[in-house]
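Reading through the structure tokens given below for one structure.
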Amino acid sequence: MMSVAGAFAPRQEVYSIDESFLDFTGVQGDLVAICRDVRARVLQWVGIPTCVGLGPTKTLAKLANHIAKSAERKPGSYSAALAQVCHLGAMSKPELDSIFAATAVGEVWGVGRRIGAQLVDAGVKTVLDLVRLDPMTVRRRFSVVLEKTVRELLGVECIGLDDTPQPKQQIMVSRSFGHTVTRGFDLATAVTDFTSRAAEKLRLQRGATAAIVVFIRTSPFRADDLQYSGSTTMPLVRPTADSAALVAAALAGLRLIKTGKPPALPG
């Protein structure tokens with residue numbers, strides 16, 4: 001998918017296993033039409049539906065991507081014209097203000113849960129509220145990172161494209177289930193899926209790991225339930241990024257957590 005999308009622009013930064021930034025500087029033509037071609041090509045060649053966000057900064061592009069997804073998946077959240085491909089850089093200030101006013105501040109890339117809660121407590125509930133703050137005041141009260149986020153939302157580039165991002169020293173893939181999981185098979189299926197995703201991320205940065213950590217826990221939000229948390233680290237014979245080897249180690253770790261006994265070694 002990354003190679004297919006990357007063919008449309010002179011520069012690309014792979015951000016995650018399913019997301020990348022493309023730099024269209026110097027590219028002539030209708031960018032929205034080009035990005036619709038990107039979507040069509042990825043869908044045809046890879047079979048994965050995608051959404052594209054366009055903006056003069058990475059933060060605006062990420063926000064545009066959120067809007068494109070929401071407009072397609074949640075009719076009525078935004079104009080249907082913004083579905084699949086959204087170009088915030090082509091909008092007038094009144095149009096942008098309307099979009100910002102309809103978007104919760106927590107949807108902004110770089111606004112974490114803790115900072116988001118602080119902003120809401122301070123009366124900053126929407127993206128429009130955020131961009132109306134003085135950037136230097138944001139820096140003094142919150143952080144230089146949030147100041148850069150505000151400037152990026154205003155169209156000032158503060159986060160450049162990284163052609164060669166540094167490999168991550170730790171990769172974590174975890175999710176909360178939308179329902180109570182009681183069967184070991186379902187848990188093993190989830191661990192297999194998460195481990196496969198982590199292996200893909202590891203191969204993407206041309207890395208290898210010598211150990212894998214498996215953990216499971218009950219929901220901390222279900223206060224009436226008996227709480228449980230278990231984890232184990234499974235060392236590997238040799239560093240690898242092979243999905244099969246990592247999945248086997250992860251499932252062995254899951255069995256160890258559940259039974260308290262290491263798996264039997266082959267004879």
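The values are calculated or read from the model by the stated rules, or taken from the named source; none is laboratory data. Only a predicted model underlies this, so the values are computations on that prediction, with no experimental measurement involved. Ideal geometry is used to build each Cβ from the backbone, glycine not excepted, and the neighbour counts take in all protein chains shown.
Restricting to segment 91-126, and then to whatever is of a type in the set (Lys, Arg) and within 23 Å of the chain's Cα centre (by Cα), can you tell me which residue is surrounded by the most Cβ atoms within 10 Å (Cβ to Cβ)? If you could, list the steps in order and put the result at the bottom.
Initial filter on segment 91-126 (of a type in the set (Lys, Arg)): 93, 113-114, 125.
Those left that are additionally within 23 Å of the chain's Cα centre (by Cα): 113-114, 125.
Numbers: 113: 8, 114: 8, 125: 16.
Across segment 91-126, the extreme among qualifying residues is 125.
Looking at segment 91-143 only, could you name the residues that are over 16 Å from residue 64 (Cα atoms) and among the β-branched types (Val, Ile, Thr)?
Scanning segment 91-143 gives 115, 120, 124, 137, 138.
Among the residues of segment 169-177, are any modelled with pLDDT of 90 or more, in a loop (DSSP other than H, G, I, E, B), outside the structural domain of residue 193 (by TED's automatic domain parsing) and not hydroxyl-bearing (Ser, Thr, Tyr)?
Taking segment 169-177 first, the residues modelled with pLDDT of 90 or more are none.
Within segment 169-177, not a single residue is modelled with pLDDT of 90 or more, in a loop (DSSP other than H, G, I, E, B), outside the structural domain of residue 193 (by TED's automatic domain parsing) and not hydroxyl-bearing (Ser, Thr, Tyr).
Output the residues belonging to segment 127-164 that are assigned to a loop (DSSP other than H, G, I, E, B) and under 21 Å from the mean Cα position of the chain (by Cα). So that I can check it myself, show each step before the final result.
Start the filter on segment 127-164 by keeping residues that are assigned to a loop (DSSP other than H, G, I, E, B), which leaves 132-134, 142-143, 154-164.
Within segment 127-164, 157, 158, 159, 160, 161, 162, 163, 164 qualify.
Condition first: hydrophobic (A, V, I, L, M, F, W, C), at pLDDT 90 or above, part of a helix (DSSP H, G or I) and over 28 Å from residue 79 (Cβ atoms). Can you find one or more residues in segment 112-119 that meet it?
Of all residues in segment 112-119, those hydrophobic (A, V, I, L, M, F, W, C) come to 115, 117, 119.
This time we only want the ones that are at pLDDT 90 or above, so: 117, 119.
From the residues that got through so far, the ones that are part of a helix (DSSP H, G or I) too are 117, 119.
From what's left, over 28 Å from residue 79 (Cβ atoms): 117.
Checked against the condition, which is being hydrophobic (A, V, I, L, M, F, W, C), at pLDDT 90 or above, part of a helix (DSSP H, G or I) and over 28 Å from residue 79 (Cβ atoms), segment 112-119 yields at least one hit.
From the list 241, 252, 199, which residue is touching a Lys or Arg at 6+ places or on another chain (Cβ under 8 Å) and modelled with pLDDT of 90 or more?
Sole residue among the options that is touching a Lys or Arg at 6+ places or on another chain (Cβ under 8 Å) and modelled with pLDDT of 90 or more: 241.
Tell me, which residue of segment 146-163 that is among the β-branched types (Val, Ile, Thr) and modelled with pLDDT of 90 or more is farthest from residue 6 (Cα to Cα)?
We begin by selecting, within segment 146-163, every residue among the β-branched types (Val, Ile, Thr); these are 149-150, 156, 159.
Narrowing further to those that are modelled with pLDDT of 90 or more: 149-150, 156.
Details: 149: 25, 150: 28, 156: 24 Å.
Taking the candidates together, the pick is 150.
Please identify the pairs in which a residue from segment 237-262 that is assigned by TED's automatic domain parsing to the domain that holds residue 200 and closer than 20 Å to residue 207 by Cβ has its Cβ atom under 8 Å from the Cβ atom of a residue that is charged (D, E, K, R) and surrounded by 13 or more Cβ atoms within 10 Å (Cβ to Cβ), counting only partners at least 6 apart or on another chain.
Short answer, once both residue conditions are applied: 241/203; 243/200.
Just to check your reading of the model, which residue among 70, 16 is at pLDDT below 90 and assigned by TED's automatic domain parsing to the domain that holds residue 111? Break it down into steps so the answer makes sense when it comes.
Details: 70 fails: at pLDDT below 90.
On inspection, the qualifying residue turns out to be 16.
Mind listing whichever residues of segment 190-232 are part of a strand (DSSP E or B) and of a type outside the set (Gly, Ala, Ser)?
Within segment 190-232, the first condition is being part of a strand (DSSP E or B), and the residues that meet it are 209-217, 229-232.
Passing the criteria: 209, 212, 213, 214, 215, 216, 217, 232.
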